[in-house]
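The structure appears right after this line, and notes come after that.
The values are calculated or read from the model by the stated rules, or taken from the named source; none is laboratory data. If you're wondering where the values come from, they're calculated on a predicted model, not measured in any experiment. Positions of Cβ are generated from backbone atoms using ideal geometry, with glycine treated the same way; all protein chains shown enter the neighbour counts. For accessibility, only protein heavy atoms count, side chains too; no ligands or nucleic acids. Shrake-Rupley method; radii C 1.70, N 1.55, O 1.52, S 1.80 Å.
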Amino acid sequence: MKHLAWPEPTGWPSDVTHNRLIGDLHIYQRRGGHRTGTDDVLTAWFAASRFARAPARYLDLGCGIGSVLLMTAHRLRPLHSLGVEAQPQSVDMLRRALSELPEPTNLTISVTQADFREPDFAQGPFDLITGSPPYFPLSDGVLPADAQRRACRFEARGGIEAYCDAAARMLEAEGSFYVVFQTTWDARVLAAARAANLYLTARADARMRVDRAGPFLTVYEFKRSPCELTQFELSIRDQAGEFTAAYRAARQDLGVE
């Protein structure tokens, strides 16, 4: 990702940067706030490589600043893509990024500021849904003072259970839901999916380095009906700290430099 010099948006924090994300799409993000990362790339890559067709309707739950939403939409070219996000600052950044999409993009992307747990949030159905929930309960550690940073790391508006419930509510019969979570919470993720009547059909387990004992991040594929489980494994960095061939190939397949 390359940093571009960009005029500081009026009324925004001074640490906002404007960065190329994928293709000719850019995002706004803060050095001290919500930033895109490896988990976003893995989620978009797994969704795009597994879904492998243009969805009619695509939803990104808790889309934040739009990283997964934009990468997945760029790769799969849905007829319509929607992000839903409750955190106002993140919504503002994504809306400005969407307003600056190059013409013509052949992309129809919108964002709604809402809490998808609310009963009156009922949209869909969607044939593709993605999500990258916060990983930590509110009781787990010191909460950041910064509201945006807090919202993207801690479960202020629900965790994996809320994401599974929402996906199950809005997923069409043959649709797919892709969600990333820290692998240490694997049992919790699977329990949340079972409670929402979702079935695990594929997973990608990622080690942060090849010499680590086990995976750190997992991207899960859930559907409404069971089928034979497909499993993938990859490492992000080698022992020298460089991207592995497998992760470089995943980034290239997605279109991320």
Of the beta bridges DSSP finds with both residues in the chain, what % are antiparallel, to the nearest 5?
45
On average, how much accessible surface per residue is there in region 166-223, in Å², for a 1.4 Å probe, leaving out ligands, DNA and RNA?
39
Enumerate the amide H contacts of residue 216 below 5 Å, restricted to partners 5 or more residues apart or on another chain; note that Pro and chain-start residues carry no placed amide H.
206, 207, 208
Once neighbouring chains are kept in place and the probe is 1.4 Å, which whole percent of the accessible area of the chain is contributed by carbon and sulfur?
49
Between the DSSP loop rule and a limit of at most 11 other Cβ atoms within 10 Å, which trypsin sites (Lys or Arg not before Pro) in region 36-101 are left?
53
For region 188-249, what relative contact order do you get, as a whole percent, if you take Cα pairs closer than 8 Å and at least 6 residues apart?
33
CD proxy, 222 nm, the chain: helix-only mean residue ellipticity via -39,500 (n - 2.57) per DSSP H run with n ≥ 4, per residue, nearest 500, stands at -8500 deg cm²/dmol
With semi-axes √(5λ) of the Cα gyration tensor in Å as the read-out, I listed (i) 34, 25, 15; (ii) 25, 22, 20; (iii) 34, 21, 20; which label goes with the value calculated from this structure?
(ii)
Extension reserve of the residue 96-residue 225 stretch, reckoned as 0.36 nm per residue once the Cα distance is removed
42.6 nm
In terms of the alpha carbon gyration tensor, root eigenvalues a ≥ b ≥ c, rounded if a/c is under 1.5 and otherwise prolate when a/b exceeds b/c or oblate, region 3-93 is prolate
